Amino acid sequence: MTVSLMPTYARMPVSFERGQGPWLWSTEGQRYLDAISGIAVCNLGHAHPKIAEALCDQARTLIHTSNLYGIALQEQLAEKLSALSGLDNAFFSNSGAEANEAALKLARKYGHSHGISHPKVIVMENSFHGRTLFTLSATGNSKVQQGFEPLVDSFIRVPFGDGDAIEALQDPDIVAIFLEPIQGEGGIRIASDEYLKRLRALCDQRRWLLMFDEVQCGMGRSGRWFGFQHADIKPDVMTLAKALGNGFPIGACLARGAAAEVLTPGKHGSTFGGNPLACRAALSVIDILSDEHLVQRAAALGETIRSAFQEAFKNNPKVKEVRGKGLLIGIELDAPCMELPLKALDAHILINVTAERTIRLLPPLILNDDETRHLIDTVIGVVDAHTGH
């Protein structure tokens, strides 16, 4: 591997040269099942022909003009996302970290507009929101923060899922709650519907913004278009990225009500955000998800896969829990297993381990029945071999 790259990743000993659907082929000609979808990015698999054609067509037409001018495709995308989510408007960026940065800036500006000079945001333990200094400070993982101090202050951290801890807070400078409805990096931890409804009621009562980071769980992966829809509530702000472009970089920060009026000309921007090429990719993603009923497919496949794992591991004492929602699936073991992705390469499947001991599976939503069975059988084999069961 070239030494010209900064060593920011402990890369696996494999490189890929092409993909099709849920499959990737290495430079050595070996085929692998991608059970993490490029970390929840390629919901529609690799080299989807409709997305490829849309990108080629748009690249031949117009790639970039800048946000100094109207961008029709950006307006169309904002309208579609607003219709799907029930939120009012959108700001487009290039990544999840940028989308979250926009949300956090929005929260601060909202606080200042209400006479709060030092606005504070409630965030969660074991969360992950990005690698910029602001989003890193909001993240609930001290390991990724080490070496970057001093961090941005004004965050109040509480245990994920603990409504009492939030309700007990009486700080008059609090302006928002920011959380993932499903913690991905935190180990596929799912906020209950009751918890999310309680947060919505509390924010309404105290005039706080309820802000959801759906960078990983949004765009159909949870079995609904957006994770918050399981609880039948609406946030004031929601962020998206990853699967929104199926591999083409694009992020979005959506807002409604008073939050939708906070960011005005000159208060935020992006050179590349929402350019015609990115928006064409995202519009194609939405059309495919809708036309092929893949959101519903994710819900059904997730239930099939989780049930199979629960049955397979019910007598394995080293498997603590199988959990998930839609095609966000976690298999928690009783001990750290960070070496498992390397072992899984021998079985020609790509998996991931997060929070040290949880196998994270994020397979594409386009899996057919045979590929689903292959995923189930292969993962069971990998876990059984690792645990000696």
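Kindly evaluate L328 against the criterion of being under 22 Å from D370 (Cα atoms) and open to solvent by less than 10 Å² (accessible area, probe 1.4 Å). For L328, the condition - under 22 Å from D370 (Cα atoms) and open to solvent by less than 10 Å² (accessible area, probe 1.4 Å) - is met.
Take I71 and decide whether it is touching a helix residue (DSSP H, G or I) at 6+ places or on another chain (Cβ under 8 Å), closer than 20 Å to S270 by Cβ and aliphatic (A, V, I, L, M). So I71 fits the description; yes. With the structure loaded, tell me whether D173 is open to solvent by 30 Å² or more (accessible area, probe 1.4 Å), under 30 Å from A282 (Cα atoms) and over 18 Å from the mean Cα position of the chain (by Cα) or whether it fails that test. Answer is no for this residue. What's the number of the condition I63 fails, among (1) open to solvent by 70 Å² or more (accessible area, probe 1.4 Å); (2) among the aliphatic types (A, V, I, L, M); (3) not in a loop (DSSP other than H, G, I, E, B)? Tallying (1) open to solvent by 70 Å² or more (accessible area, probe 1.4 Å); (2) among the aliphatic types (A, V, I, L, M); (3) not in a loop (DSSP other than H, G, I, E, B), I63 fails exactly one: (3).
Only one residue in E356, E303 is at pLDDT 95 or above, in a loop (DSSP other than H, G, I, E, B), out of contact with any Leu (no Cβ under 7 Å at 6 or more places or on another chain) and open to solvent by 20 Å² or more (accessible area, probe 1.4 Å), so which one is that? E356 is the lone residue from the list that is at pLDDT 95 or above, in a loop (DSSP other than H, G, I, E, B), out of contact with any Leu (no Cβ under 7 Å at 6 or more places or on another chain) and open to solvent by 20 Å² or more (accessible area, probe 1.4 Å).
Residues of segment 313-337 that are in a strand (DSSP E or B) and under 22 Å from the mean Cα position of the chain (by Cα): E321, V322, R323, G324, K325, L328, I329, G330, I331, E332. Going through segment 220-245 one residue at a time, which ones are open to solvent by 20 Å² or more (accessible area, probe 1.4 Å), part of a loop (DSSP other than H, G, I, E, B) and on the phi > 0 side of the Ramachandran plot? Answer for segment 220-245, where residues must be open to solvent by 20 Å² or more (accessible area, probe 1.4 Å), part of a loop (DSSP other than H, G, I, E, B) and on the phi > 0 side of the Ramachandran plot: just D232.
Of all residues in segment 251-300, those that are open to solvent by 10 Å² or more (accessible area, probe 1.4 Å) and not in a helix (DSSP H, G or I) total 15. Any chance you could count how many residues in segment 359-389 are of a type in the set (G, A, S) and not in a loop (DSSP other than H, G, I, E, B)? Residues meeting the conditions: 2. S192 falls short on exactly one of the conditions (1) over 20 Å from the mean Cα position of the chain (by Cα); (2) of a type in the set (S, T, Y); (3) open to solvent by 40 Å² or more (accessible area, probe 1.4 Å), and that condition is (1).
Can you tell me which residues in segment 1-22 are under 20 Å from K343 (Cβ atoms) and either hydroxyl-bearing (S, T, Y) or free of Cβ contacts under 8 Å to residues at least 60 places away in the same chain (or both)? Listed by number, the residues that qualify are Y9, A10, R11, S15, F16. Suppose we filter segment 83-108 for residues that are part of a helix (DSSP H, G or I) and out of contact with any Leu (no Cβ under 7 Å at 6 or more places or on another chain); how many remain? The qualifying residues number 12. Would you call I288 at pLDDT 95 or above and under 23 Å from A231 (Cβ atoms)? In short, no. Per the conditions (1) surrounded by 13 or more Cβ atoms within 10 Å (Cβ to Cβ); (2) farther than 29 Å from S113 by Cα; (3) without any contact (Cβ under 8 Å) to a residue 60 or more places away in the chain, the sole criterion not satisfied by V152 is (2).
For segment 90-119, enumerate the residues that are open to solvent by 60 Å² or more (accessible area, probe 1.4 Å) and either among the basic types (K, R) or more than 14 Å from G269 (Cα to Cα) (or both). Result: K105, R108, K109, H112, S113, H114, G115, S117, H118. Would you mind stating whether Q310 is free of Cβ contacts under 8 Å to residues at least 40 places away in the same chain, assigned to a helix (DSSP H, G or I) and polar (S, T, N, Q)? Yes; evaluated as a whole, the condition is true for this residue.
Among the residues of segment 13-60, those identified as assigned to a strand (DSSP E or B) and basic (K, R) are R18, R31. The set of residues in segment 23-40 being β-branched (V, I, T), open to solvent by 30 Å² or more (accessible area, probe 1.4 Å) and in contact with a Lys or Arg (Cβ under 8 Å, 6 or more places away or on another chain) consists of I39 alone.
The values are calculated or read from the model by the stated rules, or taken from the named source; none is laboratory data. What you are looking at is a predicted structure, and each value in this text was computed from that prediction instead of being measured. Note that each Cβ is placed from the backbone with ideal geometry, even for glycine, and that neighbours are counted across all protein chains shown. These accessible areas exclude ligands, DNA and RNA; they are computed on the full protein's heavy atoms, side chains included. Shrake-Rupley method; radii C 1.70, N 1.55, O 1.52, S 1.80 Å.
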